[in-house]
Each structure stands twice: as C-alpha cells, then as structure tokens.
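**Student:** Take this structure first; my questions come after.
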Amino acid sequence: MIHEVSGGILLTQAAAIAHGVSPDDHFAQGLAFALRDRWPTMTKDFRHWSHQSTPKPGTAWIWGGADGARRACLLTQENASLSHGAHNGKSHVEHVNHSWFFSDFSGICPAWGIF
C-alpha cells in the first residue's frame, strides 16, 4: 500500500525510498545527501556501478543494505557538463517515467514511502 509521507522521509518506517539522481551524481544535496550520510556504502556502490556500466538517464539502480534498507536511484537527470563545478541537468518527465517503468521495484513511489 502506498502512503504519502511528510516530514523527514528518513524517519519513516517505509520499506523503501526512491529518489531521482543523475548518472554521475555525487549525492551532494537534498535527499541524496541525507541518504549518503546515512548509508555511505550505497553511494560507493552507486558510483562503482555507474562507472562500470555508464548508465543513461531513464534507467534505475536498486540497492539493498545489510540492515534491510532498500533504495531506488531513478536516473531522472542528465549528466553534469564536463566543466568543474557543473550542476546536474534538470529532471525530465520522460526519464522519470522510463526509469520507474523499468525499475521493476513494485511497491514504492518516488519521494513517497511504502509500508
């Protein structure tokens, strides 16, 4: 069952959390930063995967932690430009829809928690 959560999403008892990132995301702000701070292994695993597979926007990467945490990184944004300090591109609806459809991660909704 899907329930919208409010407040600190990391405080929810949801079985999973989905969030949008870029293929070369550094998890430096917002929810991604909070996830990186709480589960640094997730960020390391994501970077390893993204360097090995060079994913494109519109795909998804799903991670499961030893503590039972499940996170879905939906690649909704374009890569940052190659210039130093560049920001990730904007999210596009077609990337959101495509990554969500192909994530095969039933039971969660982006930015929502699922119980």
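The values are calculated or read from the model by the stated rules, or taken from the named source; none is laboratory data. Here the structure is a predicted model, which means the values were calculated and not measured. FYI the Cβ positions are ideal-geometry reconstructions off the backbone, even for glycines, and counts take in every protein chain you see.
**Student:** Let me confirm something: among 81, 106, 99, which residue is assigned to a helix (DSSP H, G or I), modelled with pLDDT under 85 and among the polar types (S, T, N, Q)?
**Tutor:** Values: 81 fails: assigned to a helix (DSSP H, G or I); 106 fails: assigned to a helix (DSSP H, G or I).
None of the other options fit; the residue is 99.
**Student:** On to the next question. For residue 25, which of the numbered conditions (1) crowded, with 20+ Cβ neighbours inside 10 Å; (2) out of contact with any Ser or Thr (no Cβ under 9 Å at 6 or more places or on another chain); (3) not basic (Lys, Arg) fails to hold?
**Tutor:** Failing condition for residue 25: (2).
**Student:** I would also like to ask the following. Out of the residues in the stretch 28-70 that are β-branched (Val, Ile, Thr) and under 12 Å from the mean Cα position of the chain (by Cα), state the one that is surrounded by the fewest Cβ atoms within 10 Å (Cβ to Cβ).
**Tutor:** Looking only at the stretch 28-70, we keep the residues that are β-branched (Val, Ile, Thr), and these are 41, 43, 54, 59, 62.
Applying the additional criterion that residues be under 12 Å from the mean Cα position of the chain (by Cα) yields 43, 59, 62.
Numbers: 43: 20, 59: 18, 62: 15.
Among those residues, the one meeting the criterion is 62.
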